[in-house]
Structure formats: C-alpha cells, structure tokens
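Visitor: Here it is, the structure, as structure tokens.
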Amino acid sequence: MKTKTPILSVASMREWEAAAAATGHSFERMMELAGQGVARAALRYGTLKGRRVLVLVGPGNNGGDGLVAARCLAEAGAQVTAYLAAPRDQEIDKVLQQAAKRGVTMVTREADSEGAELQRLCARTEVLIDALLGTGSHPPLRSGIAAILKEVSTTLAHNYEHQPLNALTVPPQIVPPRPLIIAVDGPSGMDFDTGEADRLTLKAHISITFGAPKTGHFHFPAAEFCGDLFVADIGIPESAPPPPAWGHVLAAEDIRAWLPSRPANAHKGTFGRTLIVAGSSNYPGAAALAALAALKAGTGLVTLGIPGVLQAAIVPLVPEATYLLLSNTLGAITENAVNDLEETFPNISALLIGPGLGQAPETVTFIQRLLGKRVERRQAGFTTENTSANRTIHSLAALPPLIVDADGLNILSTLPDWPQLLPPESILTPHPGEMRRLTGQESAAPEAERQALARRYAEEWGQVVVLKGAFTVIAAPDGRVVISPFANAGLASAGTGDVLAGTITALRAQGLKAFEAAAAGVYLHGLAGELLREQAGDAGLTASDVARILPEVLWRLKQGA
C-alpha cells in the first residue's frame, strides 16, 4: 500500500532532507528531481512545444528548482525565459549553465530595473512559474521581490479565472487557464508553517511541493493562494524515514482499503442497520438528508426515529427508510422517546443523534435521560442479561456505536461532564462554532490551531473528533490525525453537514471502526463535492445533490478512477 503522505513543518522537512543527504542522496539530486516534478506538472495540461513559458527565478534553492524546470520544458520544445531576481554566478551555478545550454533565455532584474521587459514577458506568457522564494521565506516580502510580484500582478491584472481542481485526487481540467500559474513549493510570500501570506502573493492555479506537504498549505489565507497541491517525489530513500508528523493527508488509497466488501450473496442486513434520531418541526429536512445519505453510502437498512408529526412530510423524500415515531410535543422529541427507542438498540449497527433536533427543553431532557441513565445503570452494576425485566437496563447500558451531530452536540455542551455520558469511540462532528461550545472557549480557534485542537480534545474526551471546515480534520483518541485534501465553497450550503453525518453513520453501520468511518465519510463527502463542482461549478450545489452522487463516488473509488 502507498506510504501515507505526512504533513511536515519547515524544520521537519529540512531535517528529512538532511537525513537523505547523509545516506548519499545529494541535495543536487533532490533539486534535479524537484525541477523535473514541476515540469511534469506543467506538461499534464498538454504539449508546450512552441509555447511561451516564463520562470521567475529567485536567488536560492527554490530558484534552482525553477531553473531545472526551465531546462526540462525547453527540452520539451517550449520557448522558455528565466527572469533572474538576482545575479547567479554562471561559473559555479550548474543548473543555470545547463538551462542556458538548452536554450533558456536569461533576463536579469539588474538589466531590467524598470521592469519593462518583465511586463512584456508576462503579457505574452502562457505558463508562469513562480520560483522566487521557498519554504524558508516569511512575509512581508523584501522590497526587490515585492517589486517584481507587483509588476507581475499589475500586468496580469488577475483576469484569469481561478478554478481549484484538488489535483491530489482528481484529474486536471482539460483546458488550462492562461496563463497557467505554477508555484514551486508554494506561492512566494506565504509562510509555510503558519499559512500567513503577503498581500502581493500571486494566486497560483497549482503548487508543486516536494517530499511532503507543509503545514501552511492547509492554513488560510495561504491555502487560498496555493491552488491545487501536488506532491512531487524527490527520491528520498526509505533508509531516511520522515520525522514524526502531526498528521497525514487522506488519499484515495486509504479509503479504498477501508471500504467494506459487497458480497454477491448479501442481504440487506449484511450492510448494517442504521438508526437516525433527528428532526423537529422547524428542521424536518435534516432528518431526510441524513437518511438519504446513509442509504446512498451503502447501509442496508435505515430507520428514522422522528417526531410522529413529521412522517407525512418526510416519507415522500425517503420512501426506502422505515420509521420509528417518537413521542413529541409540538414536533419536539420528548424524554418519553427513550422508551420508544429502547427495544431497537440491540438490533442497530450504528446510531446517529442530532440533525435538526432543535434545542427545545423537552429535547434536552430526552438527551439527558438517554445518556444519563445509561451511566447510572452502568455504575450501579446492573446486569445486561436481556430478560424481560432487564430489557430497558440492557438497551440503556449498551448504546449502539454512536455518532453525534448538530443539535445533538449543542445539547451535549449544556450537560455537566458530558464526555462521561458517551460510549468510548463515539464520533463527534462539530463545526467551529459547535467545537467552541463543546470546549467552553469564548471564540473559535485560530486557523493554525485547528489540528492541535482536534487532537487535544479527541484524546481528552476519548472520542473521535471530526472538526469540519475547509480541510476537515479527523482526530482519534490514540493521537492519530488525518486531514481532508478538500476545500470547496460549494459545500458551504445548508444541509451538507447532515449528509456528512449520514455518510459517516452508514460506514460505521457497515462495520468500519470509528476513526476509519469518520475519515472515509469525510473523504467521500468531499470528493462528491469535487465531482459536482466539475459538472456545475461551486455555486448552487445542494445537500441532496451531494447525497445522490455518493454511489458514483464509491464506484469511482473502487475502480481506481
């Protein structure tokens, strides 16, 4: 199986490169492979024979990577110009000499102090490669580099349409924008640890980083400037393993390995029985969306536990589900619903609580009784023998594998010592506001602290935490952390969280462990959003669109597409 892609700090990446060099894999060889990786990325978009390519070359190693890419593209037939931000000594700079020998035209800033030639080159170029600054730089930009980027930005005037492709996971678009802007490691002016970015940072279409992504690639605002992220192999040998990483990037290979099998002789019970306790008079659609997603994600049976007054409205939306009508007052679930649920638990493979529940006092009491009595019974030492006399005790003491979402999380946050009320390895799916309430913080965590926050509380609570947002973070109690490669504005619409919760619950019901179900659900949901964006753009996508495309997403993953 493919080695997991670690996410490293700048210091850790330098440590890894030094360890590789100590084995005999030289920095010069790594630079050669890095530049080749940049050239390959450019050539993914079609032949560049006869096309104009402009490479902005900085004074350091990043500029060296750019010169290698320039040479490779010249060898492929492109008309390549390297614009040198600072003089490089031709007598000792081998990559410069090699590029010049292959026909790369050299223009120096020293000879173009007014920037007229740079502006002319920018106006004509079809591919622009930003190799000015690498991972060692920090904003603000130095005056010389800042002047170059200002002139480039002014000339381009940002008239191109920036369309992220999430190229880690899906093929690139057929027709590239003009000019196609490629960043070497990342756009000049970003901080590769914190995700800060200078105001003059160019907005790339794709970034080619080397060995491993850096933490700043997944933090905004820099992530917005990086475009789609490729990781190029620079040949680091297995004898120099990467240093410890705070997390890994989810990849299609991971998900394929986790997806449950679908034997030909299966019956509906083979793929799990999912119970979804959801909905209220104000939010009936949330229950329908979660159930639809669970069915589309492959669970065999879905039972919707809803206030009885909602059934007539929801059945036409999800006719395949069965229904458990729960005690309610004016469409809000009440504590007597615990009695309605108790006999179903022994037959349920996974339980989702929360979408559209609302926070009526009666519903808060329902959650408190459902979870609180479970703990009371467990602590009192009651048996779990499933006799008639002990049936209620059994069900309360043995909740099915649990997923809590939306108002379920908001209600949890109001209960004293709520982590003690949950079975171990439950899955919690908060967005930043819900996470703030669960943790008792006054404000949402800064962008650069999301991963650490998810890890900390997953360990502290003993639960799997899915911290939603662009580049969703999934953390396990044992310290594992993975990050979704997707950041898609199309998924920022009502109900998509309900679809995610239903997807995760379906995978849990089909036998995946809690962490794997959460991570796979996030990936499937994100990839569904990407496929929809390819078809129709990122505006106007609906949650039901995402749910309905899940079977195609599953099929594509299994086919390796």
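Visitor: How far apart, in nm, are the 7 Å Cα→Cβ label points at A86 and N282?
Guide: Result: 5.9 nm between the two label points.
Visitor: Right, next: State the volume of the convex hull built on the alpha-carbon positions of the chain, expressed per residue in Å³ and rounded to an integer.
Guide: Measuring per residue, one finds 158 Å³ for the Cα hull of the chain.
Visitor: Over the Cα atoms of region 1-147, Rg to Rh with Kirkwood Rh, two decimal places?
Guide: Computed over Cα atoms, the ratio is 0.99.
Visitor: Also, I was wondering about something else. Using a Förster radius of 60 Å, what is the FRET efficiency between E343 and E15 based on their Cβ-Cβ separation? Nearest 0.05, please.
Guide: So the FRET efficiency works out to roughly 0.55.
Visitor: Using alpha carbons only, how many angstrom separate the centre of region 452-470 from the centre of region 249-314?
Guide: Between the Cα centre of region 452-470 and that of region 249-314, the gap is 23 Å.
Visitor: Determine the distance separating the Cα centre of region 492-561 from the Cα centre of region 1-62; give it in Å without decimals.
Guide: So the two Cα centres are separated by 32 Å.
Visitor: With each run of n ≥ 4 DSSP H residues scored as -39500 (n - 2.57), what mean residue ellipticity at 222 nm is computed for the chain after dividing by its residue count and rounding to the nearest 500 deg cm²/dmol?
Guide: -11500 deg cm²/dmol
Visitor: What is the order of M106, M30, M190, fewest Cβ neighbours within 10 Å to most?
Guide: Ascending number of Cβ neighbours within 10 Å: M106, M30, M190.
Visitor: Just the Cα atoms of region 253-559, one point each, no solvent: what log10 I(q)/I(0) does Debye give at q = 0.10, 0.13 Å⁻¹?
Guide: -0.50, -0.88
Visitor: Starting from the Cα-Cα distance between A494 and T154, subtract it from 0.36 nm times their residue separation and give me the gain in nm to one decimal.
Guide: Stretched out fully, the A494 to T154 stretch lengthens by 118.6 nm.
Visitor: Please report, to two decimal places, log10 I(q)/I(0) for region 431-541 at q = 0.12, 0.18, 0.19, 0.22 Å⁻¹ as given by the Debye formula with identical point scatterers on the Cα atoms and no solvent.
Guide: Values returned for q = 0.12, 0.18, 0.19, 0.22 Å⁻¹ are -0.41, -0.91, -1.00, -1.26.
Visitor: Here is a further query. Under a crude label model (7 Å from the Cα following the beta-carbon direction), how far is R456 from S443 in nanometres?
Guide: Modelled inter-label distance: 1.5 nm.
Visitor: Total Lys pairs in the chain closer than 23 Å by alpha-carbon, pairs eight or more apart in sequence or interchain only?
Guide: Here the count comes out as 19.
Visitor: Then there is this: Relative contact order (percent) for the chain, with alpha-carbon contacts under 8 angstrom and 6 or more residues of separation?
Guide: 12 percent
Visitor: Quick one: order C72, C226 by neighbouring beta-carbon count within 10 Å, fewest to most.
Guide: Going from least to most buried by this count: C72, C226.
Visitor: Test of the criteria: in region 511-561, which GluC sites (Glu not before Pro) are in a DSSP loop and have at most 14 other Cβ atoms within 10 angstrom of their Cβ?
Guide: Counting only loop positions with at most 14 other Cβ atoms within 10 Å, none of the GluC sites (Glu not before Pro) in region 511-561 qualifies.
Visitor: What FRET efficiency, computed as 1/(1 + (r/R0)^6) with R0 = 35 Å and r the Cβ-Cβ distance, is obtained for A111 and H138, rounded to the nearest 0.05?
Guide: Computed FRET efficiency for A111 and H138: 0.75.
Visitor: A further question on this structure: Cα convex hull of region 5-246: mean projected area in nm², to one decimal?
Guide: About 12.1 nm², averaged over all directions.
Visitor: Which helices of the chain meet both criteria: a Cα extent of 15 Å or more along the helical axis and a mean Kyte-Doolittle score no lower than -1.0, with helices taken as whole DSSP H segments?
Guide: 10-22, 27-43, 61-75, 143-156, 284-296, 361-380, 496-509, 514-536
Visitor: Please find the FRET efficiency linking D233 to N336, where r is the Cβ-Cβ separation and R0 is fixed at 56 Å, and quote it to the nearest 0.05.
Guide: 0.40
Here, each number is a calculation from the coordinates, and none is a lab measurement. Values in this document were obtained by computation on a predicted structure and should not be read as measured data. Backbone-built Cβ (ideal geometry, glycine too); neighbour counts: all protein chains shown.
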